[in-house]
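This report concerns only the one structure given below.
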């Protein structure tokens, strides 16, 4: 039972780290990356569809993305969707290819993005602590129901705390990497 609680907490904390990495990938550094356009939705035959499912997104160089739609008639819709997105990008069309230059980030914008990343990291830490709280309450319930002994409960809580510390350390590491990435020119 204690192992099940520990495995569940570990799985949920790992998912929190993955979610954090996904959120970090949305925050734009100065370099072009195809995942920058992952959340752009394009109207495709009456349904909003992810850009990556109707076009090929590639990196041309450090500051240029190219989008090549699989259908000629989608060029205009993709261009409009990119303009409407909250990314502040200005695409230009060249036949079947849409080129998206990424403007360089100002120092002030970099600082703002670091604040956003710091907030996301704090949300990740809160999520991990909530998972710890859930696991500890499950352990206390098992102790109350006489399913485990007090020593087992104490050991399990210590094990959960070590796991929490490990994942919070990983969140700090991810934050430091992203911060260094944002602040590098």
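Bear in mind that the values in this text are calculations on the coordinates, not laboratory data. Model, not experiment: these values are computed from the prediction. Quick reminder, even Gly has a Cβ in these numbers, built from the backbone with ideal geometry, and neighbours come from all protein chains shown.
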Open item on the list: So, R0 is 45 Å and r is the distance between the beta-carbons of residue 76 and residue 177; what FRET efficiency does that work out to, to 0.05?
Closed with: 0.75
TODO: First measure r as the distance between the Cβ atoms of residue 141 and residue 116, then evaluate 1/(1 + (r/R0)^6) with R0 = 30 Å and state the FRET efficiency to the nearest 0.05.
DONE: 0.20
TODO: May I ask you to compute the full-extension gain from residue 8 to residue 38, defined as 0.36 nm times their residue separation minus their alpha-carbon distance, rounded to one decimal in nm?
DONE: 7.9 nm
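Ranked by Cβ crowding within 10 angstrom, fewest neighbours first, how are 165, 145, 152 ordered? Intermediate results must be reported in sequence, preceding the final value.
Working: 165 12, 145 8, 152 15.
By the 10 Å Cβ count, ascending: 145, 165, 152.
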- [ ] Rank the residues 110, 133 as a footprinting-exposure proxy: fewest other Cβ atoms within 10 Å of their Cβ go first.
- [x] 133, 110
TODO: Using the number of other C-beta atoms within 10 angstrom as an exposure proxy, rank 128, 57 with the fewest first.
DONE: 57, 128
TODO: Quantify how much of the Cα-Cα distance distribution of the chain extends past 22 Å, in percent.
DONE: 59
Task: Rg/Rh (Cα only; Kirkwood hydrodynamic radius) as it applies to segment 34-101 - done: 0.91
Task: Acute angle (nearest 10 degrees) that the helix 150-183 long axis makes with the longest principal axis of the chain, alpha-carbon atoms - done: 20
TODO: Give me the distance between the Cα centres of segment 52-111 and segment 125-154, rounded to whole Å.
DONE: 48
